[in-house]
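The values are calculated or read from the model by the stated rules, or taken from the named source; none is laboratory data. Fair warning: this is a prediction, and the values are worked out from it, not measured in the lab. Please note: Cβ atoms are built from the backbone with ideal geometry, for glycine as well, and neighbour counts cover all protein chains shown. All accessible areas refer to the heavy atoms of the entire protein, side chains included, with ligands and DNA or RNA removed. Shrake-Rupley method; radii C 1.70, N 1.55, O 1.52, S 1.80 Å.
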Amino acid sequence: MKTLLKGAQVFANKGKGQFVKKDLLIDGDKLSVSSPDEQNSCLYDGLFDFRDKFIIPGFVDVHVHLREPGFFYKETIKTGTLAGAHGGYTTVCPMPNVKPAPSDFANLKVQLDIIDRDAIIKVIPYGTITREGDGRSELADMKGTAPYVIGFSDDGRGVQTGELMEEAMKLAKSLDKPIVAHCEDESLLEGGYIHRGQYCSLHGHKGISSESEWVQVARDVELAAKTGCKYHVCHISTKETVDIIRQAKKSGVDVSCETGPHYLILTDMDIKEEGRFKMNPPLRSMEDREALIEGIKDGTIDMIATDHAPHFKEEKTKGLEKSAFGIVGLETAFALLNTHLVNKGIIKIEDLITLMSVNPRKRFGLDGPLSMTEDENLCDITVLDLGREWTVNSENFMTKGRATPFDGWTLIGKPVATFVDGRLKFLEL
C-alpha cells in the first residue's frame, strides 16, 4: 500500500522543532520523505490533500486506564483505543489496576489477548509492582512480565514503604525497566477527596494535603539515586513536587515525570459540586498550577499524559464526596492544551508536540517517529487542524466514560486523521 499525503506542514524536530511544507509517502508501514511523483497518480493506492494541516509524530499517552479485563462496563480496549485514535494518539499505555492484576505472565496474557484482538491503536501495558497491585503486598513476578510491559506501576496506590520500593527499584533496574509511581502516602489522606485548599475550606469538604503526594516523591528520588533505577512520577500536581524533581534532575537522578491537562488549566477554585471535578490527585491551588506551567517551560516536566480514567455513569453522579476518582481525557487533551497553552502564548506548538509525542517515545524507548523528515520511520502519525473550532460534547465521545470538567467548552485545534503503522485509523476532514 502506497499513500500520498500532500501539502501539509510537517514536523521536522530540528533543535526545538520546526515545520516545513512537504509531501509525504506512506509505503507499507514506513514513511518516505523523498519527492513523490505527483503526476502519476496511478502509483498510489490512496491520496490525501492535507493543505493547511500539520503532520506530526503520533501522540503517545503513557498513562491511561482501559479497564479491561475485569471492568468492561467502564471501558474496553476497543472503546478506549477508539477514543485514543480520535484524540490523535497512536500509542497508549494502560495502567494495571484491572482484574486479574497483571502481576505474572498468566494474568498479563488475559489482557494481551484482548489487546491483540480488539486494539485500534498500539497498546503497551504496565505490569504491577506488587502481587495485588496494592502498594503493600509482596513484589509481583516482575521478571516474568518484563518482556511484555512498558514498565511497572501500582497506579491508583502508592508503594507505602521505602523498603518495598527500594526492593522493587533494584529488581526493575536489573530488568532495565522503569518504575512508574503513583505517589500517595495513605497515612496522610485522612479521608480527603479534594485538595485541602480554599474551595475545601469554603464548602466544608475533607481535603487531601499536598504532602500526601510530595513526601513519597522525595523518598523515591532518594531511592532512585541509591539504586540507579529509571524512575518516572505519575500525574504530578503540587509545587513542592515540581521543585523536588527539578533538584533531583540537577543532581543527576534518572527521574522523569508527567502532569495532566487538567492540572495545567484548572485549579481548586474551578470545582463544581459534581463528580466530574473529582480526580486523584485533585485539582490544586493557583500557585500549584503556576509551578506546573513553569515546570513545563523549563523542562522539569517531561511529558503530558491524560490519566484517562473512565467510569460507569452512576459512579460519577454522586457528588464530590461519594463519586469515584477519575475523568476521561483522550479526546480532549490536545485541543485543551492548544487552546489554553499554545494559543495564549505560554508555550509553542512545537513544544506541545515534544511533550505529547517526542519525549514519551524517548523516555520509554518506544518505536515510532521523532520527526516527519527522516526516511524509514515507522509511520505512526497524526494530522492536526490547528484552526478548527469545536465544542466538547461528552455524549459524542468514543470512550464509554462521560465525566469531564470540560463539557461545553469551546476549543481550537483538533486531530483530523490518525495513521498507525501506515494504516488509517481515524479521519474527520
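A few notes on this one:
- Residue tally, condition assigned to a strand (DSSP E or B), out of contact with any Leu (no Cβ under 6 Å at 6 or more places or on another chain) and small (Gly, Ala, Ser), over region 385-417: 1
- When residues in region 65-95 are screened for being open to solvent by less than 10 Å² (accessible area, probe 1.4 Å) and either farther than 20 Å from GLU315 by Cβ or modelled with pLDDT under 95 (or both), 10 of them pass.
- In this entry, LYS348 passes the filter for residues that are under 25 Å from LEU386 (Cβ atoms) and either surrounded by 20 or more Cβ atoms within 10 Å (Cβ to Cβ) or not acidic (Asp, Glu) (or both).
- In region 111-119, the count of residues that are within 25 Å of CYS379 (Cα to Cα), of a type outside the set (Val, Ile, Thr) and outside any helix (DSSP H, G or I) is one or more.
- Test: residue in region 411-423 that is closer than 21 Å to ILE120 by Cα and touching a Pro at 6+ places or on another chain (Cβ under 6 Å): no
- Take the conditions (1) surrounded by fewer than 23 Cβ atoms within 10 Å (Cβ to Cβ); (2) outside any loop (DSSP other than H, G, I, E, B); GLY191 misses just one of them, which is (2).
- In the set THR382, THR354, only one residue is touching a residue at least 40 places away in the same chain (Cβ under 8 Å), in a helix (DSSP H, G or I) and either under 21 Å from ILE124 (Cβ atoms) or in contact with a Cys (Cβ under 6 Å, 6 or more places away or on another chain) (or both); that residue is THR354.
- Subset of region 399-425 [open to solvent by less than 10 Å² (accessible area, probe 1.4 Å) and either farther than 28 Å from LEU366 by Cβ or of a type in the set (Phe, Trp, Tyr) (or both)]: PRO405, PHE406, PHE419
- Qualifying positions in region 382-410 - within 20 Å of TYR263 (Cα to Cα) and in contact with a Pro (Cβ under 6 Å, 6 or more places away or on another chain): GLY401
- Screening ASP351, ASP385 for residues that are in contact with an Asp or Glu (Cβ under 9 Å, 6 or more places away or on another chain) and acidic (Asp, Glu) leaves exactly one candidate, ASP385.
- When residues of region 320-339 are limited to those that are assigned to a helix (DSSP H, G or I) and over 21 Å from GLY84 (Cβ atoms), the one least open to solvent (accessible area, probe 1.4 Å): LEU320
- Output for region 266-295, where each listed residue is open to solvent by less than 20 Å² (accessible area, probe 1.4 Å), under 17 Å from ILE346 (Cα atoms) and assigned to a helix (DSSP H, G or I): ASP288, LEU292, GLY295
- Pairs with Cβ under 8 Å, 6+ apart, first in region 242-261 and acidic (Asp, Glu), second open to solvent by less than 10 Å² (accessible area, probe 1.4 Å) and in a strand (DSSP E or B): ASP254/TYR231; GLU258/VAL62; GLU258/HIS63; GLU258/HIS232; GLU258/VAL233; GLU258/MET303; GLU258/ILE304
- The selection criterion, being over 17 Å from PRO178 (Cα atoms), among the hydroxyl-bearing types (Ser, Thr, Tyr) and modelled with pLDDT under 95, holds for TYR44.
- Considering (1) more than 26 Å from THR259 (Cβ to Cβ); (2) of a type outside the set (Ser, Thr, Tyr); (3) open to solvent by less than 50 Å² (accessible area, probe 1.4 Å), the lone condition that ASP141 does not fulfil carries the number (3).
- ALA335 among the aliphatic types (A, V, I, L, M) and closer than 16 Å to PHE54 by Cα: yes
- PHE72, sole failed condition from (1) within 23 Å of ALA335 (Cβ to Cβ); (2) assigned to a loop (DSSP other than H, G, I, E, B); (3) out of contact with any strand residue (DSSP E or B) (no Cβ under 9 Å at 6 or more places or on another chain): (1)
Let's see how each residue does on (1) more than 23 Å from ALA140 (Cβ to Cβ); (2) out of contact with any helix residue (DSSP H, G or I) (no Cβ under 8 Å at 6 or more places or on another chain); (3) in a strand (DSSP E or B); (4) not small (Gly, Ala, Ser):
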site: ASP155; (1), (2), (3), (4): no, yes, no, yes
site: GLU166; (1), (2), (3), (4): no, no, no, yes
site: MET169; (1), (2), (3), (4): no, no, no, yes
site: LYS177; (1), (2), (3), (4): no, no, no, yes
site: GLU184; (1), (2), (3), (4): no, no, no, yes
site: HIS205; (1), (2), (3), (4): yes, no, no, yes
site: SER212; (1), (2), (3), (4): yes, no, no, no
site: VAL221; (1), (2), (3), (4): no, no, no, yes
site: ALA224; (1), (2), (3), (4): no, no, no, no
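- Comparison of GLU184, GLU190, GLU213, GLU222 shows that the only residue that is at pLDDT 95 or above and over 18 Å from ASP307 (Cβ atoms) is GLU222.
- Of all residues in region 85-134, those being acidic (Asp, Glu) and within 18 Å of HIS63 (Cβ to Cβ) number 0.
- Any pair with Cβ under 6 angstrom, 6 or more apart, that starts in region 149-162 at a residue that is open to solvent by 10 Å² or more (accessible area, probe 1.4 Å) and ends at one that is of a type in the set (D, E, K, R): ARG157/ASP134; GLN160/ARG136; GLY162/ARG219
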